[in-house]
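Everything below concerns the one structure shown next.
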Amino acid sequence: MTGRQIVLKTLLQQRHWQTYKTFCKEYDKAAKVVDSTLQGKWPSRAQLHRWLSGELKGLPYSDHCRVLEAMFPGRSIEELFSLSNGGIPAPLVTTEPTKSGGHVTEICPTSQMADVAAVFSSRSAFASAYPPSALFDTAREINAAGLSLNVLCQSYPDHRLKQLLESGTRIRCLFLDPQGKAIRAREDEERYTDGTLTTLTALNISMLNRLKEKLTPEAAELLELRVYDETIRFNILIVDGTTCVVQPYLPHARGVDSPTIVINDNTAADGLFPVFDQVFTSMWERSSPV
């Protein structure tokens, strides 16, 4: 048992939900979706301690199981209460919870999924299962291409980015040019009339430039910023050449509403990883330095 702990405990730590007050708050959010009558019926402190310490024999009551599965999309209650060595496997392919049917999990045969590890119906569902801290905290290389790259610029702390860069992590960021035609076309498509996307993208670029000024010369060389002016099709995030997150841009829909695909490079002959790796590389080669 040394070094092993309940998967639920590890997931709570990853999301910074491990305090009792925060856990209850997140429990209520999920309960509202599953069954509003379950709000406020979170476990007691002593119950939660038994869950996380591995003292529980069997599984929690069924209502708790329903809410916990909604808190962690793609993970069965059996997985949540299993032991791990600290590493967390990718969730199963999922759809989001619904009020009528609860949490729905669809499992596809591996042979039909190539190197796809998980699929989410929105970016918010993806972010719940894969928080930025889990993606980036130990990364040695991050390649990101898209529109404003909020996952790096707004969802991950500046001081952590600084620590990554100063520890040798290479980060390449490719933004949709805030001065270009393509971003204005996207604003028209999403029905923004106040330059929202232009302003946000320029702000994120400025934030990274300010961060770059605070770095040592060696670390500053590891942070590369570029822009491109083409019709936006995908948001692509590649971490350490092994995990690729792809989010297509849908017509007349905000980026946050986009489905999200997680791809792991398992060297599958018919895999998708090399396809999107090449998309990023070709876009980077056509781009311009900031």
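Taking region 1-41, which residues are in a loop (DSSP other than H, G, I, E, B) and either over 28 Å from LEU135 (Cβ atoms) or among the polar types (S, T, N, Q) (or both)? Lay out the reasoning, then the answer.
Quick first cut of region 1-41, residues in a loop (DSSP other than H, G, I, E, B) only: 1-4, 16-19, 35, 39-41.
Of everything in region 1-41, those that are in a loop (DSSP other than H, G, I, E, B) and either over 28 Å from LEU135 (Cβ atoms) or among the polar types (S, T, N, Q) (or both) turn out to be MET1, THR2, GLN18, THR19, ASP35, GLN39, GLY40, LYS41.
If I ask for residues that are part of a loop (DSSP other than H, G, I, E, B) and β-branched (Val, Ile, Thr), which ones from region 155-187 would you list? Give the steps one after another, and end with the answer.
Of the residues in region 155-187, the ones part of a loop (DSSP other than H, G, I, E, B) are 155-157, 167-169, 177-180.
Of everything in region 155-187, just one residue is part of a loop (DSSP other than H, G, I, E, B) and β-branched (Val, Ile, Thr), namely THR169.
Does ILE263 fit the bill of being in contact (Cβ under 8 Å) with a residue 12 or more places away in the chain, closer than 20 Å to ASN204 by Cα, of a type in the set (Val, Ile, Thr) and crowded, with 18+ Cβ neighbours inside 10 Å? Step through it out loud before you land on a result.
Numbers: in contact (Cβ under 8 Å) with a residue 12 or more places away in the chain: yes; closer than 20 Å to ASN204 by Cα: no; of a type in the set (Val, Ile, Thr): yes; crowded, with 18+ Cβ neighbours inside 10 Å: yes.
No; evaluated as a whole, the condition is false for this residue.
Within region 111-154, how many residues turn out to be touching a Cys at 6+ places or on another chain (Cβ under 6 Å) and in a loop (DSSP other than H, G, I, E, B)? First the steps, then the outcome.
At the first step, the residues of region 111-154 found to be touching a Cys at 6+ places or on another chain (Cβ under 6 Å) are 144, 149.
Applying the additional criterion that residues be in a loop (DSSP other than H, G, I, E, B) yields 149.
Summing the residues that are touching a Cys at 6+ places or on another chain (Cβ under 6 Å) and in a loop (DSSP other than H, G, I, E, B) in region 111-154 gives 1.
If THR193 satisfies every condition in (1) within 30 Å of HIS252 (Cβ to Cβ); (2) surrounded by 17 or more Cβ atoms within 10 Å (Cβ to Cβ) but one, which is the exception?
The failed condition is (2).
Any residue in region 218-229 that is of a type in the set (Ser, Thr, Tyr) and either modelled with pLDDT under 95 or surrounded by fewer than 17 Cβ atoms within 10 Å (Cβ to Cβ) (or both)? If you could, list the steps in order and put the result at the bottom.
Going residue by residue through region 218-229, those that are of a type in the set (Ser, Thr, Tyr) are 228.
Filter again for either modelled with pLDDT under 95 or surrounded by fewer than 17 Cβ atoms within 10 Å (Cβ to Cβ) (or both), leaving none.
Checked against the condition, which is being of a type in the set (Ser, Thr, Tyr) and either modelled with pLDDT under 95 or surrounded by fewer than 17 Cβ atoms within 10 Å (Cβ to Cβ) (or both), region 218-229 yields no hits at all.
Please tell me if ARG170 is in contact (Cβ under 8 Å) with a residue 60 or more places away in the chain and over 16 Å from the mean Cα position of the chain (by Cα). Before the answer, list the steps.
Working: in contact (Cβ under 8 Å) with a residue 60 or more places away in the chain: no; over 16 Å from the mean Cα position of the chain (by Cα): yes.
So ARG170 does not fit the description; no.
If VAL151 satisfies every condition in (1) in contact with a Leu (Cβ under 7 Å, 6 or more places away or on another chain); (2) within 25 Å of ASP270 (Cα to Cα); (3) modelled with pLDDT of 85 or more; (4) not small (Gly, Ala, Ser) but one, which is the exception?
The number of the failed condition is (2).
Tell me whether region 197-211 contains one or more residues that are assigned by TED's automatic domain parsing to the domain that holds VAL256, basic (Lys, Arg) and outside any loop (DSSP other than H, G, I, E, B). It would help to see each step written out before you state the result.
Of all residues in region 197-211, those assigned by TED's automatic domain parsing to the domain that holds VAL256 come to 197-211.
Add one more test, that the residue is basic (Lys, Arg), and what stays is 210.
Now restrict to residues that are outside any loop (DSSP other than H, G, I, E, B): 210.
Yes, because at least one residue in region 197-211 is assigned by TED's automatic domain parsing to the domain that holds VAL256, basic (Lys, Arg) and outside any loop (DSSP other than H, G, I, E, B).
Testing SER155 on (1) under 18 Å from SER258 (Cβ atoms); (2) touching a Gly at 6+ places or on another chain (Cβ under 8 Å), one condition comes back false. Which one is that?
With respect to (1) under 18 Å from SER258 (Cβ atoms); (2) touching a Gly at 6+ places or on another chain (Cβ under 8 Å), SER155 is out only on (2).
Which residue pairs have Cβ atoms under 9 Å apart, sit 6 or more places apart or on different chains, and have a first residue in region 39-60 that is assigned by TED's automatic domain parsing to the domain that holds PHE23 and a second that is polar (S, T, N, Q)?
LEU52/GLN5; LEU52/GLN18; SER53/GLN5; GLY54/GLN5; LEU56/GLN47; PRO60/GLN47
Could you list, ordered by first residue, the pairs with Cβ atoms under 6 Å in which the first is in region 215-239 and within 25 Å of ARG160 (Cβ to Cβ) and in the same structural domain as PRO274 (by TED's automatic domain parsing) and the second is of a type in the set (Asp, Glu) and at pLDDT 95 or above, at least 6 apart or interchain?
Between residues of region 215-239 that are within 25 Å of ARG160 (Cβ to Cβ) and in the same structural domain as PRO274 (by TED's automatic domain parsing) and residues that are of a type in the set (Asp, Glu) and at pLDDT 95 or above, the close pairs are ALA219/GLU166; VAL227/ASP177.
State the number of residues belonging to region 215-268 that are in a strand (DSSP E or B), in contact with an Asp or Glu (Cβ under 8 Å, 6 or more places away or on another chain) and of a type in the set (A, V, I, L, M).
Applying the first criterion (in a strand (DSSP E or B)) to region 215-268 yields 223-228, 234-239, 243-248, 260-264.
Narrowing further to those that are in contact with an Asp or Glu (Cβ under 8 Å, 6 or more places away or on another chain): 227-228, 238-239, 243-244, 263-264.
This time we only want the ones that are of a type in the set (A, V, I, L, M), so: 227, 238-239, 263.
Total meeting the criteria: 4.
The values are calculated or read from the model by the stated rules, or taken from the named source; none is laboratory data. Treat the numbers as computed from the prediction; the structure is a model and nothing was measured. When we count neighbours, we look across all protein chains shown, and the Cβ atoms used for this are built from the backbone with ideal geometry, even at glycine.
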